[in-house]
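Input: a single structure, listed below in structure tokens.
Where a number appears in this text, it was derived from the coordinates with a stated rule and is not lab data. A quick note: this is a predicted structure, and the numbers were derived from the prediction, not measured. Cβ sites come from the backbone with ideal geometry, for glycine too, and all protein chains shown count toward neighbours.
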């Protein structure tokens, strides 16, 4: 131990002051020669002892105060070997990159690793000194980043204290790139990036180095525990299991062992809050294995959340994964074939039938009945008497698709219009049998917009120019339930070529008309409108390959399935798709006028007023935690209830579960924008703060003793 | 001198009280105090029928001649009261809370009593205890000159001051030996701060020997109220004990202990038939003496306190 101001130790002589006070105090005590002292001694011997002890304690405390003040003024210090990074104090620019991904919640010595990292970062911040311009960059994916360096170290310390593991995986490379950007804007010569990271392999990309040779100096702190093991549920899907009955479900969980030792994992399946099955899994080092649970949904439940969880490792957040399990509603579809053919693949409905019932499986979610346009007369009560067609009860169907159906008599259209008005859904696709003039006469009650003559974009083109003159789908409403499965530029839709399309004329008397997609020439491709409580969708090209090649593109199947379910008001629920933390979820609003989303931490968002009026869907983006997000909706009648069909689950990105360390070569090279490294490996620890605190405590003790 | 300290008028007023009727129990005070003890003396009292064992010289032969029966003459005996004044001059009696020291108060009280006793031609003796090295004793005499001697010795003791730690018990035992055959009045002035109960037991012994015993329990008001405040170091008077204390913290306990001491002392002495008088040094001397004399006068001639 040494002293910066050893002369101040002379102040220890002040210890004589309390001793003198003590002695003078004794002398100043009034002396009384008292005859009955035996009474005092006999009765209060303990008091006397306590008084003597208190006097000596007061003397001791006062003496210690004098000594402590003198020693504190002498500024004592001790020194030890540096364990932390080499930090140069003074004017400079520095960025502290801290990994706050969900892996940073890994428990080390009873507390999250992030706390240790934040503590180290705080030490570095102190050592940098108040003249350093510093920023804190979080290394989790999509984290908000600072816009500039600052000297406000108090705020920086508050930021460090407030750091908590979030639910995103690490993206260290992006954080380093951001740090380099911040430092590049600084005029300081000495620029350093301090990296406090678990060095996860998955967070460091070697193909995109964050800086070149003249980048900042990189100081990577070795804070990673010597051994990190992790078990995680990396995937979970649910499928109907017809073998287990109508409510049977098969839950396929995948568990990963991200360690170098074999282990046995216990899994449990919960439906809602109830554990319904348990199982074990033997996992080798670095192995991933699947485990299937068969279970039935509780009676009366059509849709619920389920989860598979494991126990027993230091990173709990990835030990559970959720899935939304629902019994699929069968959509009853009546397909009206306007151009039936004996050659199967020439039939107007060849592709549509295959898309609605892939593999012709019972669990395809749709029951399809196909009739000809003439047989559709069976829905007309007046035709029933004449026996022109077998009777068809249109009320048995949710959706009717008129595929290349010639204009129908007004009476039959009226029957269909009434059915639509009562809640049915109708989809109309044109073809060569569709005459726009005839449609204008009778079919308008079912149409969102009148038809005009079709145009052939390849008319007169040579076969080799044919493809280049084809139209493509663009500008579809990505938030609309029909397009939920597609991204904004999904090639499975955009690549389809449209050679002939029907143009649209004036709008009809329908409500809420909306163009859902357009072609590259701006013409409408898909138009939706409301008729009473039902909906109509007009597709302006053929449903088979006569006018386009969409049926042979991957987008055809989800598009028609979504369209049918949308018309039947049986959307593919948001919860059935897997949402990762941070992704946005599209929620179909239907006829709701208010919608609440309640996440794992309670109320997440409320959509009402302008945020929901006139929209067929809303987008919820605050999915910052894994878990179940429930939806409460209020319909036009004011009735409020849970909308289980809209509930969805959010899971972790399983990339972050792999805690394997990246090799040192994965880090970018330390740049040249740094000062001379410090040579002093001794670290000085000043002790006067502790002594000052001791003085305060002693003064408190002295006051306490004197008051007694 | 001591005689100057005694107010003669006060003593004269005390002299008018019926102390004579009280002290005559022992018949010690000539002319004033008649003893109930019968014996051969100069003045005839009555006849008593002869019984074997009576001295023949007391047989009244004239009465025998008249009535042919043997009568024995009985005489009233004039006796002098012997009063032993015992002064506790141990160091604890030096305490003076603000007024008279306890020793001074006790000494004046006993001087006044000696004055009264000798003025009535009774015998008064003095014993001072406290200092084991010096034995102070004035034998009882009734002569008026003796008063001068007694008061001179008493004055010397008071001038010397309170020293030593000897309790009055030894002096009381000595009186018991001296007065084995003759009853006496013993008046003790002391603070009774005796670590053991030797003094109280000695008083009880004297009382058991049919002596009259009076105790002036002399205490300073400060000893009874403990009015001290602020950090105080108390020094014992009869030992080297010291105690630094904030009196406020122990006042309640001290007063309780003092009250217990007084209650116990009073109880033990009263049970033994001792006249007990608590004499606070702030109380007028005559009031204290009056208490003593009034208490003695209540005793009927020929009756001893049980």
Using only Cα atoms, locate the centre of region A:8-23 and the centre of region A:276-291, then give the distance between them in Å, rounded to an integer. 73
Residue list for region A:117-139, given a label point 7 angstrom along the Cα-to-Cβ vector of residue A:89 and an amide N cut-off under 18 Å: A:121-134
Against the longest alpha carbon principal axis of chain A, how many degrees, from 0 to 90 and to the nearest 10, is the axis of helix A:172-184 turned? 70
Region A:340-498: radius of gyration over Cα atoms, expressed as a fraction of 2.2 N^0.38 Å: 1.20
Grab the beta carbon distance between residue A:263 and residue A:442, set R0 = 51 Å, and tell me the FRET efficiency rounded to 0.05. 0.10
Would you calculate the separation in nanometres between label points at residue A:116 and residue A:29, each defined as 7 Å from the Cα along the Cα-to-beta-carbon direction? 5.7
Highest first, please rank the peptides A:463-475, A:174-186, A:547-559 by the mean number of other Cβ atoms sitting within 10 Å of their residues. A:174-186, A:547-559, A:463-475
Just the number, please: Stokes-Einstein D of region B:111-193 in µm²/s, Kirkwood Rh from C-alpha pairs, 37 °C, 0.692 mPa s. 245
Helix A:113-128 sits at what angle to the longest principal axis of chain A, using alpha carbons and giving 0 to 90 degrees rounded to 10? 60
What one gets for chain A as the Kirkwood radius, inverse of mean 1/r over different Cα pairs in Å, is 32.0
CD proxy, 222 nm, the protein assembly as shown: helix-only mean residue ellipticity via -39,500 (n - 2.57) per DSSP H run with n ≥ 4, per residue, nearest 500, stands at -8500 deg cm²/dmol
Segment residue A:127-residue A:50, length gained on full extension (0.36 nm per residue, minus Cα span): 22.9 nm
Per residue of B:228-240, count partner chain C-beta atoms within 10 Å of its C-beta, then hand back the mean as an integer. 5
The alpha-carbon pair-distance distribution computed for region A:229-317, with 10 angstrom bins and whole-percent values, is 17, 48, 25, 10, 1
So if I take the centroid of the Cα atoms in region A:425-476 and the same for region A:595-664, what is the distance between those two points in Å? 39
Explain nothing, just the number: relative contact order of chain A, from Cα pairs under 8 Å at least 6 residues apart, as a whole percent. 15
Taking 45 Å as R0, compute the FRET efficiency from the Cβ-Cβ separation of residue A:601 and residue A:77 and round it to 0.05. 0.45
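With the Cα gyration tensor of region A:511-568 in hand, give its eigenvalues times 5 under a square root as the equivalent ellipsoid semi-axes, listed largest first in whole angstrom.
21, 15, 9
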Order the peptides B:148-156, A:14-22, B:118-126 from the highest to the lowest mean number of other Cβ atoms within 10 Å of their residues. B:118-126, B:148-156, A:14-22
Compute the acute angle (0 to 90°) between the alpha-carbon long axis of helix A:153-162 and the principal axis of greatest extent of the alpha-carbon atoms of chain A; round to the nearest 10°. 60
Modelled label-to-label distance, residue B:48 and residue A:226, 7 Å Cα→beta-carbon offset: nm? 11.8
Measuring from label point to label point, each 7 Å out along Cα→Cβ, what is the residue B:249 to residue A:488 span in nm? 8.1
Quick check on packing: order A:587-597, B:85-95, A:408-418 by the mean number of other C-beta atoms within 10 Å, highest mean leading. B:85-95, A:587-597, A:408-418
Compute the Cα gyration tensor for region A:419-513, then decide on rounded, prolate or oblate, letting a ≥ b ≥ c be the square roots of its eigenvalues: rounded whenever a/c is under 1.5, prolate when a/b is larger than b/c in the other cases, and oblate in all that remain. oblate
Write down the percent of antiparallel bridges among all DSSP beta bridges whose residues are both part of chain A, to the nearest 5. 70
